[in-house]
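Report on the following structure.
The values are calculated or read from the model by the stated rules, or taken from the named source; none is laboratory data. Owing to the predicted nature of the structure, the values given are computational and were not obtained by experimental measurement. Here the Cβ positions follow ideal geometry from the backbone for every residue, glycine too, while neighbour counts run over all protein chains shown. For the accessible areas, the whole protein counts, side chains as well, though only heavy atoms, and no ligand, DNA or RNA atoms are used. Shrake-Rupley method; radii C 1.70, N 1.55, O 1.52, S 1.80 Å.
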Amino acid sequence: MSIRAFIFDLDGVLTDTAEYHYQAWAALAKQLGIAFNRQDNEQLKGVDRMGSLQFILDKGGLQLSDNQKHAFANQKNHHYQQLIEHMSEADLFAGVHDLFAQLKQADIAIGLASASKNAAMVINRLGINQAFDYVADAAKIKQGKPHPEIFLTVAQTLGVKPAQCVGVEDSLAGLQSIIDAGMQSVGIGDAKVLQQAQWVYPHIKDLSLPRVLEQANK
Ligand code: G6P
Ligand code: MG
């Protein structure tokens, strides 16, 4: 079945915001006295804000009221927003413009499936907000990654069947969403971590569209 849409994750795929999410969570974990390292962070990538906080609290065996949880989630988000304040078009990963141009030329739709409520701001800063045929609104997604809802919503809005989509993710949770959505999967990052992806590339600039299309279309 021929590929009609590419649906991208944002943080860690199109720009380095995954690092800023990590830094902001690591600072909060430290403040709470909870051990949290990059390996723990792999489980958090792609997971929504409250889910991420809960993961850290569970790791530390800390029980908080809903009010306290919201206050800490807001604190993390303010810190994160400070970290991304300086972002500009220069922070777009190399290769993204080129890949988007190749997709447009091949008449393949471009969607965004980011769990981040900051996604609209980030794509504006990166100067790519006009490049997408559809951007999912994370606030309207009921079941976060690893549930397939966000990828299925984007495919449905684009009017494309899941099997005609390639999802691109750097996170384990996001990769699971793509697989459970019945889409073809590209992992961006470490092949040992993202073993379940059909194709894995260290960076988005390494993604070979002709190769993916040739193999996906079989
Ligand atoms: C993405 C990131 C996660 C982040 C989530 C929510 O999925 O990979 O690390 O927790 O978005 O982001 P937000 O900006 O809404 O807190
Ligand atoms: Mg990501």
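Output the antiparallel fraction of DSSP beta bridges having both residues in the chain, as a percent to the nearest 5.
5 percent
Beta carbons within 10 angstrom, averaged per residue: use that to sort the peptides 41-49, 57-65, 123-131, 15-23, highest first.
41-49, 15-23, 123-131, 57-65
A 28 angstrom limit on the alpha carbon distance is what I want to check against. Which of LYS69/LYS205; LYS140/LYS192; LYS76/LYS140; LYS76/LYS161; LYS161/LYS205; LYS30/LYS140 exceed it?
Check vs 28 Å cut-off fails for LYS69/LYS205; LYS140/LYS192; LYS76/LYS161; LYS30/LYS140.
Could you grab the relative contact order for region 18-84? Cα pairs under 8 Å, six or more apart, rounded to a whole percent.
It comes to 43 percent, rounded to a whole number.
Hey, any idea what % of region 18-84's accessible area is carbon plus sulfur with a 1.4 Å probe?
Roughly 45 percent of what the probe reaches on region 18-84 is carbon or sulfur.
Excluding ligands and nucleic acids, what accessible area in Å² is computed for ASP11 using a 1.4 Å probe, to the nearest 10?
Approximately 20 Å² of ASP11 is accessible to the 1.4 Å probe.
Averaging sequence separations of C-alpha pairs under 8 Å and six or more residues apart, then dividing by the length of region 77-134, give the relative contact order as a whole percent.
Computed over region 77-134, the figure is 46 percent.
Per residue, how many Å² of accessible area does the chain show with a 1.4 Å probe?
Counting only protein heavy atoms, the per-residue value for the chain is 48 Å².
Just to be sure I understand the model, the point goes 7 Å from the Cα along the line to the Cβ. What's the resulting LYS192 to GLN43 distance in nm?
1.9 nm
For every helix of n ≥ 4 consecutive DSSP H residues, a contribution of -39,500 (n - 2.57) applies; sum these over the chain, divide by its total residues, and give [θ] at 222 nm rounded to the nearest 500 deg cm²/dmol.
Result for the chain: -13500 deg cm²/dmol, rounded to the nearest 500.
Report P(r) for the chain: all Cα-Cα distances, bin width 5 Å, range 0 to the bin holding the largest distance, values in whole percent.
1, 7, 16, 20, 20, 16, 10, 6, 3, 1, 0
Note down the relative contact order for the chain as a percent, whole number, built from C-alpha pairs under 8 angstrom at least six residues apart.
The normalised contact order for the chain reaches 28 percent.
Taking 0.36 nm per residue of separation and subtracting the Cα-Cα distance, what length does fully extending GLN82 through GLN54 add?
In short, 7.9 nm is gained.
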